[in-house]
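This report concerns only the one structure given below.
Just so it is clear, none of the values below were taken in a lab; they were calculated from the coordinates. The shown structure was predicted, so the numbers you read here are calculated from the model rather than taken from an experiment. Counting neighbours? That spans all protein chains shown, and the Cβs are built from the backbone with ideal geometry, glycine included.
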Amino acid sequence: MKPGIRKTRGIGLAALLLLAGGLLLNGCESDATAPRENLPPPTAQEAAQQAALVAVSAAKVGPKLVTFNGTVLAEKELGVYPYTFPEGGNITGSIMLEFFTGGPTGTHSAWGDADYGLLYSPGEEMVTASVDLGGGVGPIFGVSFDLHGDINQAQDTATVSGTGTFVTGDISDDFSLTNVVVQALSGYPEGGSLTLKAGSHEVVVTYDGSSTAGVAVNAVAMFTVDLDTGILSPVID
């Protein structure tokens, strides 16, 4: 725990909200008509916790654009690769990766030659993610991605933007990523932000290359999130 930061009190409330309604997603399929309006409005902390979970999963999934090795899976066609996360990790399921040379209007290429890439969830599939919030609480949730961006082969980074959806139980919230710099070395995004809207709250998570990211709720800096565990800690003045 970093100096000046204390563990969030009431974290169990957010975890219980996420656990309500059953978090084990059958087939990782989302219900686009999930009636969030039938649930109590999320508190600021609950909205922040949802965004924190997405931020952790995005930090783990996004780097596949620069760490993927196309030789480990059979190609469907040049530049188009399916990727399935290995069993035993906290991300399971599949994504699709597409690689191009010449930018977004260029031609498909092998992953090692690309200067532009797409990372997206195929069809209606989602990856299933889990985190350990401590105390035996381990929410499981689904996340879909539709990302795109420039790849810097020399630096092993990609700058991605795009959208996605977070689903757990009867909760379904959309999010967006803006200029998130994913990298191969540390696994923590070097910059960029993630925005999630939950109820009346807008939560912005800002990456800075470290193992924590800032979390602002309704434009007020309220928390930091540990990108390894998903645990929120309040900002102390």
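At-a-glance table
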read-out	value
A154 paired with L39, simple spin-label distance in nm, labels 7 Å along Cα-to-beta-carbon	4.6
Total formal charge among the other residues, if their Cβ is under 13 angstrom from that of A51, Lys/Arg +1 and Asp/Glu -1	-3
Within the range 155-237: Cβ-based charge dipole about Cα centre, in debye rounded to nearest 20 (Lys, Arg +1; Asp, Glu -1)	100
Rounded D (µm²/s) - the range 166-237, Kirkwood Rh over Cα pairs, Stokes-Einstein at 10 °C, 1.306 mPa s	123
Fewest-first sequence of I236, I151 by Cβ atoms within 10 Å of each Cβ	I236, I151
Exposure proxy ranking, count of Cβ atoms within 10 Å, fewest first, for E202, E46, E124	E124, E202, E46
Ascending count of other beta-carbon atoms within 10 Å, so fewest first, for K60, K197	K197, K60
Pairs of Cα atoms farther than 18 Å apart, the range 143-207, %	40
Stokes-Einstein diffusion coefficient of the range 112-237, Kirkwood radius over Cα pairs, 10 °C, 1.306 mPa s, in µm²/s	101
H108 versus E87: modelled label distance in nm, points set 7 Å from Cα along the beta carbon direction	3.0
Two-decimal ratio, the range 41-129, of alpha-carbon radius of gyration to 2.2 N^0.38 Å	1.26
